[in-house]
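Where a number appears in this text, it was derived from the coordinates with a stated rule and is not lab data. What you see is a predicted model, and the numbers here were worked out from it, not measured in a lab. Methodologically, a virtual Cβ is constructed for each residue, glycine included, from the backbone with ideal geometry; neighbour enumeration extends over all protein chains shown.
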Amino acid sequence: MEILIRSTPAEVAVEAANIFAHYANAGSTLGLATGSTPVAMYKELIARYERGEVSFADSRAFLLDEYIGLERTHEQSYYSTIRREFTSHVDFNDDLVKSPAGDADDPAAAAATYDKAIRDAGGVDIQLLGIGANGHVGFNEPSSSLTSRTHVTTLHPQTVNDNSRFFDTVDEVPRFAVTQGLGTINEARRLLLLATGSNKANAVRDMVEGPLSAHCPASILQLHQHATVIVDESAASQLEDREYYIFADQHRPHRPLFS
Ligand code: F6R
């Protein structure tokens, strides 16, 4: 794992945008995430697009997950959220921005169809990830199979509570979702996980330094050959081997960050 510790969330966003822009300009298949953490990176990419520094014209995208029970036109569906926050502001072909059909009559079948669509597209070149305070990635909550494919899942009460900030009341937060499975996510050729803020510090520690465990689904990154984790100082605050990660970041022997 490459662990990059940056001073502020703004620096995390710039570093992440450097990597993501490289893939976009190469016409890659991008795995997108929603939630608060990537918003600053999306804003940075929109600014670079407006300056003519990055283009998404040759890219396609797959979202990580989608709520079950919201129309895709609902403002909190991830279908709508990613367009509002990112893809409609750049030169993405909207037809190539895909998300699981959380409003399908048969969400389990829709999940299987989505998993196949990712494979049929040749897989994801770089998958952007956030991490839940409980260690989830996508909506793979604690106890998720480490080899799962895209599937229907029940949101953890902590996730429902955390995401209630986007809704008027906690009762409006969907209880179920379709999420790429940990096995699906781990097939992306590169993983890029961002975390900022002290409420993520324990989850980041468990992901990087804890055992590989379904109790911390993000620990699946330990099995990936090219996972990059970019965190701010607050999210890095519980890392025991923090000094080594900083040293390794400054003395990178072989692989440039942008390949
Ligand atoms: C979003 C997703 C979630 C979030 C995670 C962190 O598509 O799959 O795993 O990345 O819940 O959310 P924020 O960034 O809002 O703290």
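Things to note:
- Histogram of C-alpha separations across region 140-229, 10 Å bin width, %: 16, 44, 34, 6, 0
- Straight-distance candidates among the aspartates and glutamates for linking to residue 43, with alpha-carbon spacing under 16 Å and chain neighbours fewer than 8 residues away dropped: 11, 15, 53, 85, 91.
- Taking amide H as placed 1.01 Å from N in the peptide plane, the amide H of residue 129 sits under 5 Å from that of 192, 193, 194, each at least 5 places away or on another chain.
- The Cβ shell under 13 Å around residue 202 holds other residues with a net charge of -1, Lys and Arg each +1, Asp and Glu each -1.
- Shape of region 38-126 from the C-alpha gyration tensor: oblate (a/c of 1.5 or more and a/b not above b/c, with a ≥ b ≥ c the square roots of its eigenvalues).
- Mean shadow area of region 62-192 over all directions, Cα convex hull, nm²: 7.8
- When restricted to Cα atoms, region 111-183 yields an Rg and a Dmax of 13.3, 40 Å, respectively.
- For the pair residue 171 and residue 71 in one chain, pulling the backbone fully straight at 0.36 nm per residue adds 34.3 nm over the alpha carbon distance.
- Candidates 215, 74, 136: whichever shows maximal mean-square fluctuation once the chain is modelled as a Gaussian network with Cα springs under 10 Å: 74
- Cross-link reach list, lysines versus residue 116, counting only Cα pairs under 25 Å and skipping chain neighbours closer than eight places: 98
- Residues 187, 44 arranged by fewest to most Cβ contacts within 10 Å: 187, 44
- Relative intensity of the chain on a log10 scale, I(q)/I(0) at q = 0.07, 0.10, 0.11, 0.16 Å⁻¹, equals -0.21, -0.45, -0.55, -1.25, per a Debye sum over C-alpha point scatterers of equal strength in the absence of solvent.
- Look at the alpha carbon pairs under 8 Å that are at least 6 residues apart: their mean separation over the length of the chain gives a relative contact order of 25 percent.
- Region 204-259 shape via C-alpha gyration tensor axes, a/c threshold 1.5: oblate
- Counted by Cβ distance under 14 Å from residue 151, the other residues give a net charge of -3, where Lys and Arg count +1 and Asp and Glu count -1.
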